[in-house]
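> Questions regarding the structure given below will be posed in turn.
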Amino acid sequence: MTSVVILGGGPGGYEAALVGAQLGGEVTIIEREGLGGASVLTDCVPSKTLIATAEVMSTIHRAEELGLRVWETGEDSGVASSVHVDLARVNERVMDLAAAQSADITEKMRTQGIRVIKGTGRLNGTEEVIATGADGTEETLKADITLIATGTTPRELPSAQCDGERILNWKQVYNLTELPEKLIVVGSGVTGAEFASAYDELGVDVVLVSSRDKVLPGQDEDAADVLQEVFEGRGMEIMSRSRATAARREGDEVVVNLQDGREVRGSHCLMAVGAIPNTSGIGLEEAGVQVTESGHIVTDRVSRTTARGVYAAGDCTGVFALASVAAMQGRIAMWHSLGDAVSPLDLKAVSSNVFTSPEIATVGVTQAQIDSGEVRASVLTLPLKSNARAKMQGVHDGFVKLFCLPVTGIIVGGVVVAPHASELIHSVSIAVGDRITVDELANDFTVYPSMSGSIAEAARQLHKRRASGMPY
Ligand SMILES: Cc1cc2nc3c(=O)[nH]c(=O)nc-3n(C[C@H](O)[C@H](O)[C@H](O)COP(=O)(O)OP(=O)(O)OC[C@H]3O[C@@H](n4cnc5c(N)ncnc54)[C@H](O)[C@@H]3O)c2cc1C
């Protein structure tokens, strides 16, 4: 039997373990915190559970526009002001749900005959892994195949150390039992924007400190513009081109220093300034596994590292910090190493979502690639304002954007900015993955009224251009 040892029990690791066992490998997974990894215990699952609560608050905020009032028609009879957030309960639910999800994964491992070691793993050359338990006991494991899926750790500024009480990283926010009076979010990337959006919806006074011109650098600019407008419209203070250099506590306050000498004061601060890979001290260099300057493991498209028999998957490779990509890299590693049919990782069809309100979902080619001339594609943007369902639901912001090849009309990418964009993007993902044309997409039925109707309508309008003699 081929022995497979996996370091790290996040989606990169546990999804690989399942495939490894399915293909007849003798699989051991070493995880120091809990199965599901950071994804399930502290990052993806908890944040999306918190956001689910925030989303309900956001719906409640729209209630009055839709004609809902509370019974007592006193002076302050707004629906939103009648609901308060019990953050202790919210966070208890978040953590319970994460623990339950981790337990489900552990049970799945057990039923598949996968050995789970609670401890820290490190390579001992390319054919052995040493597992160290919490009590310091060591076990040396034979490893025909090793998969490194050790994830990342939040980056901290030396001058803004997180204390878990008022200066927090994204793993520590669930310690809060009461809503912060004023939350300073440092970093306007996906994580910063998601937490800023969620706390704002929960009724917290949020200041978003961004070193860039606007929120969500690297995302579709039109989508980022919508989000920035929505945030500002809701009263959030966005400090653009403001680089935070330090954070300290002063009594019940947190003071964040900016590079230009200004100070921002709040009750709490969330640092969301990126992550560093968990790749040091695990025997990579000695085993001949090449890492980049940032510490990420170099892999090819079938997850091989530069060391024979050693594979890597997930955030520690720096390929795409998404649970779905980590899982796919892990599965590919097993398919390849255990001799099953395998297609190399294809990043062109990865769909991803920013869970802000509204959500921003993207797939395939980007507007930036088209604008730079790297890809020739036609673009059509349809604001949601014209969508009947959006009007009915009191949704005012958002759009659907489709990219297609100019001659054939094959859909190569798209962006959806809408509530539940993460669900709506799937039809565009299928179109991109299966090389469906705008005509084919337009000719399939959508429900009336529905937000997805706008996706079909965008495809139809791209056809209209063609019919009037223009390229798609
Ligand atoms: C706040 C936040 C929200 C996110 N939301 C989403 C989302 O909605 N959708 C999405 O697709 N992605 C999301 N992501 C990204 C997603 O969480 C990561 O892409 C995913 O966790 C990567 O999986 P992984 O297996 O590489 O690593 P992880 O999930 O980080 O797991 C790695 C595990 O390895 C363990 N480990 C480390 N070193 C060792 C060692 N030497 N021995 C044993 N164990 C070790 C760690 O304890 C950890 O449990 C989010 C990230 C953050 C920060």
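> I'm checking my understanding of the structure. Among residues of region 314-326 that are within 11 Å of the chain's Cα centre (by Cα) and free of Cβ contacts under 8 Å to residues at least 40 places away in the same chain, which one is nearest to the ligand (Cβ to nearest atom)?
Only one residue fits best here, namely L322.
> Quick test for you: out of L87, L141, L123, pick the one residue that is among the aliphatic types (A, V, I, L, M) and more than 20 Å from G309 (Cα to Cα).
From the options L87, L141, L123, the qualifying one is L87.
> Still on this model: Does L18 satisfy the condition of being surrounded by fewer than 22 Cβ atoms within 10 Å (Cβ to Cβ), touching a residue at least 40 places away in the same chain (Cβ under 8 Å) and over 30 Å from V85 (Cα atoms)?
Yes.
> Specify the residue that is surrounded by the fewest Cβ atoms within 10 Å (Cβ to Cβ); the eligible residues are those in region 408-436 that are among the small types (G, A, S) and more than 15 Å from L384 (Cβ to Cβ).
The extreme case among them is G433.
> A follow-up question, please. May I ask you to list the residues in region 361-376 that are aliphatic (A, V, I, L, M) and within 14 Å of the ligand (Cβ to nearest atom)?
Listed by number, the residues that qualify are A361, V363.
> For region 327-360: of the residues being over 16 Å from A312 (Cβ atoms), charged (D, E, K, R) and modelled with pLDDT of 95 or more, which is farthest from the ligand (Cβ to nearest atom)?
D340
> Out of G218, G189, G251, I need the residue that is modelled with pLDDT under 95, surrounded by fewer than 23 Cβ atoms within 10 Å (Cβ to Cβ) and under 27 Å from S351 (Cβ atoms). Which one?
Only one candidate qualifies: G218.
> Are there any pairs with C-beta distances below 8 angstrom linking a residue in region 189-211 that is free of Cβ contacts under 8 Å to residues at least 24 places away in the same chain to a residue that is of a type outside the set (F, W, Y), with the two at least 6 apart or on different chains, and if so which?
Once the first residue is free of Cβ contacts under 8 Å to residues at least 24 places away in the same chain and sits in region 189-211, no partner that is of a type outside the set (F, W, Y) comes close enough.
> Which ones in region 1-44 are assigned to a loop (DSSP other than H, G, I, E, B), within 9 Å of the ligand (Cβ to nearest atom) and either farther than 28 Å from G274 by Cβ or not charged (D, E, K, R) (or both)?
Within region 1-44, G8, G9, G10, G34, L35, G36, T42 qualify.
The values are calculated or read from the model by the stated rules, or taken from the named source; none is laboratory data. The structure displayed is predicted, hence computed values, not measured ones. For neighbour counting, all protein chains shown are included, and Cβ atoms are generated from backbone atoms with ideal geometry for every residue, glycine included.
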